[in-house]
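A short write-up of the structure that comes next.
The values are calculated or read from the model by the stated rules, or taken from the named source; none is laboratory data. Predicted, not measured: the structure shown is a model, and the values here were computed from it. Cβ coordinates were reconstructed from backbone atoms using ideal geometry, including for glycine residues, and neighbour counts include every protein chain displayed.
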Amino acid sequence: MDDKLLNVYIDAELHSPEEIYHFISEHAASDDQKLETMIKQGLRTRALAGNIQIAEDVLLPHIESSDLTETRVMIIKLKAPIAGWSKDIGRVKLLIVILLAEKETKEIKQAIAEFMRKIADEKYLEKLLNANNKEAINDLVNIGRKSL
């Protein structure tokens, strides 16, 4: 997978939804304050629109926007779980973040759709939760590689 497309963060020391939204937007926006603000607001709005929890301990914050010039998939494994994310979401250990550029190529959109089908599998999510390094997560995620 293209390094710009997939970003893996292990043992991230983040302690609240706001810290996580800031972390995501800061890493995806490349010092563009307007884009940073749009990403944070988009993620907050999406979380309010519906539950972003896809399994115990796993969240899928995601947005699609014409303001995004490039698509990003971020896997964030927290150093310590966040307890009490919201009134509906308890503990969080792993975040799978998808920031989809509206005008993304068909190939990338298909690769992300394939990845979304994989994360619907509980066993696959367990493997992601138990992976201890970037290489293991990169091997599991495998987005955009010819093997898809």
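Some observations on this one:
- Residues of the range 1-36 that turn out to be part of a loop (DSSP other than H, G, I, E, B) and among the acidic types (D, E), as a count: 5
- Every residue from the range 86-133 that is under 19 Å from L43 (Cβ atoms) and β-branched (V, I, T): I89, V92, I96, V97, I98, I112, I119
- Scanning the range 83-99 for residues that are in contact with a strand residue (DSSP E or B) (Cβ under 7 Å, 6 or more places away or on another chain) and modelled with pLDDT under 95 yields W85, I89, R91.
- Residues satisfying the stated conditions in the range 1-50, i.e. among the polar types (S, T, N, Q), touching a residue at least 24 places away in the same chain (Cβ under 8 Å) and either more than 23 Å from V141 (Cα to Cα) or touching a Gly at 6+ places or on another chain (Cβ under 8 Å) (or both): S16
- Qualifying residue in the range 82-92 (condition: touching a Pro at 6+ places or on another chain (Cβ under 7 Å) and aromatic (F, W, Y)): yes
Quick grid of which residues meet (1) of a type in the set (A, V, I, L, M); (2) surrounded by 14 or more Cβ atoms within 10 Å (Cβ to Cβ); (3) under 26 Å from K127 (Cβ atoms); (4) over 15 Å from the mean Cα position of the chain (by Cα):
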{"residue": "I20", "(1), (2), (3), (4)": "yes, yes, yes, no"}
{"residue": "H27", "(1), (2), (3), (4)": "no, yes, yes, no"}
{"residue": "M38", "(1), (2), (3), (4)": "yes, yes, no, yes"}
{"residue": "R44", "(1), (2), (3), (4)": "no, yes, no, no"}
{"residue": "A55", "(1), (2), (3), (4)": "yes, yes, yes, no"}
{"residue": "E70", "(1), (2), (3), (4)": "no, yes, no, no"}
{"residue": "I89", "(1), (2), (3), (4)": "yes, yes, yes, yes"}
{"residue": "V92", "(1), (2), (3), (4)": "yes, yes, yes, no"}
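- Residue, farthest from L129 (Cα to Cα), within the range 50-82, restricted to residues that are charged (D, E, K, R) and out of contact with any strand residue (DSSP E or B) (no Cβ under 8 Å at 6 or more places or on another chain): D67
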